[in-house]
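See below for the structure under consideration.
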């Protein structure tokens, strides 16, 4: 009961701190950043999985970027062993898996000029 009385007194005297709620544009930007972070984590996990399956199958990866143009050709040519289902014998290309390198884009935020 004392806490309620204290809160009423603080409110009456103007000493109760107000909560700050971010404006809609900032909330939307934060949501986009969180969503992009999830997508990046998903992409990283998929790449790690491709590396893992390649290593388990004994595929030598001589290039530094398995998801570049040369690595893509390697992934398209590699037959995988009998332990994998027929539809999974060849790993998808980086472009088919959505792993190709693209310039990052960001959605237009409110107030951005039209291009």
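The values are calculated or read from the model by the stated rules, or taken from the named source; none is laboratory data. Please read these numbers as outputs of a predicted model, since none were measured by experiment. When we count neighbours, we look across all protein chains shown, and the Cβ atoms used for this are built from the backbone with ideal geometry, even at glycine.
Determine the pairs where a residue that is on the phi > 0 side of the Ramachandran plot, located within region 12-36, has a partner that is surrounded by 10 or more Cβ atoms within 10 Å (Cβ to Cβ) with Cβ atoms under 7 Å apart, the partner being 6 or more residues away or on another chain.
none
Pick out the one residue from 41, 48, 4, 19 that is modelled with pLDDT of 95 or more and either closer than 30 Å to residue 75 by Cα or surrounded by fewer than 10 Cβ atoms within 10 Å (Cβ to Cβ) (or both).
Details: 48 fails: modelled with pLDDT of 95 or more; 4 fails: modelled with pLDDT of 95 or more; 19 fails: modelled with pLDDT of 95 or more.
Exactly one of 41, 48, 4, 19 is modelled with pLDDT of 95 or more and either closer than 30 Å to residue 75 by Cα or surrounded by fewer than 10 Cβ atoms within 10 Å (Cβ to Cβ) (or both), namely 41.
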